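The values are calculated or read from the model by the stated rules, or taken from the named source; none is laboratory data. Just so you know, these numbers come straight off a predicted model, no measurement behind them. All Cβ positions, glycine included, derive from the backbone under ideal geometry; neighbour counts span all protein chains shown.
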């Protein structure tokens, strides 16, 4: 762990738990020792992940239990979003829980059979503390192996089925009901004070600002977000959340003319553009999301300097992560070739990045084209759309999270979480390409993509914000 590629993983080397990196070696060790794997997924920007590290994984007793009974594997959610999303879906099916961190128990072939999000160190009353759970899970794995394996196989089938059996027609009524669900969800979050640190809530506010009948809900939520971030005791939200908020504030200024939204949006845009210029590490999907939001927000706020700096940041990310005809890497290349002219081998290293990377970079390029009219940005977006069609498409509809997906990797995500749902992002890209190119084939693809997941949207609330934005543009609704 001390030699890990991210600071989040490297810090874990100081803990008493003997963490292994995600990979074949860890699962081979689990098979050799005949132990289950304890998978822990977290990130630098997660409050409860930091609390878990502080209060739980520094405990020598818990460290001894884990090292004796399990093969512990730690994953940085931002570095391996494919792993994070796969097991997030498993935990949602297992326990009905959403959120981070993830604590998941796996068989030696990587199949989940038990898990949740945050577990306390000790809870003798309910038996849900790690000091109670760890011995019990290990004993079940030893003594009830056939049941554990059966449970894992059933769960894998449920997760697979859930991402495939959701096709339905895309109709305006679906969008209208989705907007109503989203508004109700956002109102609840604003009243409860929880609409303050989430991309999902900011995305939802942006969607609701477009309609006069839902605008009041969006503004209430934005006011909660602004009031919270202004509190001196509250630490800065992650850059992803601030970028989503900047986009919503710019839209709020445009539709209301209220100066406070412009001032708050102006401050966020300037600060984020400055941070992009200083950033050395690159996760393509996260950087591109921030860039796209700034490219959309800055012109609304008359921030021409921020627009230029953000385009320069996009050029830098493309240079380090993109190659024509090959796609986008998740992390930066060491010796990159310039994206629009480089050879594929210059930034390739096996598989291209995840679907999320292709979606976010392409959307950022469309935004850059709209503000600059420079054709190479549109060329990149169209190239990535073609790569997604060729390497990520599922013949049953939608797109897999991983290129050329093996059976174990055949997950497809559409609902928003830390970032917008990847399939929703692809549909939004297709709809915007239809608009800027005039090619109706893109709109047909967007509709097909959205129909592949339409059955998952009723009741999804704020998690469906990007899907609903894509559906509005695809159906050309007001």
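Assorted remarks:
Residues checked against (1) surrounded by 18 or more Cβ atoms within 10 Å (Cβ to Cβ); (2) assigned by TED's automatic domain parsing to the domain that holds residue 241; (3) at pLDDT below 95:
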site	(1), (2), (3)
292	yes, yes, no
302	no, yes, yes
333	yes, yes, yes
336	yes, yes, yes
347	yes, yes, yes
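- The one condition in (1) within 17 Å of residue 155 (Cβ to Cβ); (2) free of Cβ contacts under 8 Å to residues at least 24 places away in the same chain that residue 107 fails to fulfil: (2)
- Residue count for region 400-438, restricted to those that are under 20 Å from residue 463 (Cα atoms) and more than 20 Å from the chain's Cα centre (by Cα): 1.
- Selection from region 67-76 of residues that are buried (at least 22 other Cβ atoms within 10 Å of the Cβ) and not in a strand (DSSP E or B): 70
- Every residue from region 1-14 that is under 24 Å from residue 108 (Cβ atoms) and in a loop (DSSP other than H, G, I, E, B): 1, 4
- Listed by position, the helices (runs of 4 or more DSSP H) contained in region 110-225 that have at least 3 residues being modelled with pLDDT of 90 or more and under 20 Å from the mean Cα position of the chain (by Cα) are 172-192, 199-208.
- Of all residues making up region 97-108, the number that are touching a helix residue (DSSP H, G or I) at 6+ places or on another chain (Cβ under 7 Å) and at pLDDT below 90: 2
Residue-by-condition table, conditions (1) out of contact with any strand residue (DSSP E or B) (no Cβ under 6 Å at 6 or more places or on another chain); (2) in a helix (DSSP H, G or I); (3) in contact (Cβ under 8 Å) with a residue 12 or more places away in the chain:
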| residue | (1), (2), (3) |
| --- | --- |
| 16 | yes, no, yes |
| 26 | no, yes, yes |
| 44 | yes, no, yes |
| 93 | yes, yes, yes |
| 98 | yes, no, yes |
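- Index of the failed condition, residue 322 passing every other in (1) modelled with pLDDT of 95 or more; (2) touching a strand residue (DSSP E or B) at 6+ places or on another chain (Cβ under 6 Å); (3) more than 22 Å from residue 273 (Cβ to Cβ): (3)
- Selection within region 394-407 - part of a loop (DSSP other than H, G, I, E, B) and out of contact with any strand residue (DSSP E or B) (no Cβ under 9 Å at 6 or more places or on another chain): 394, 395, 396, 397, 398, 401, 402, 404, 405, 406
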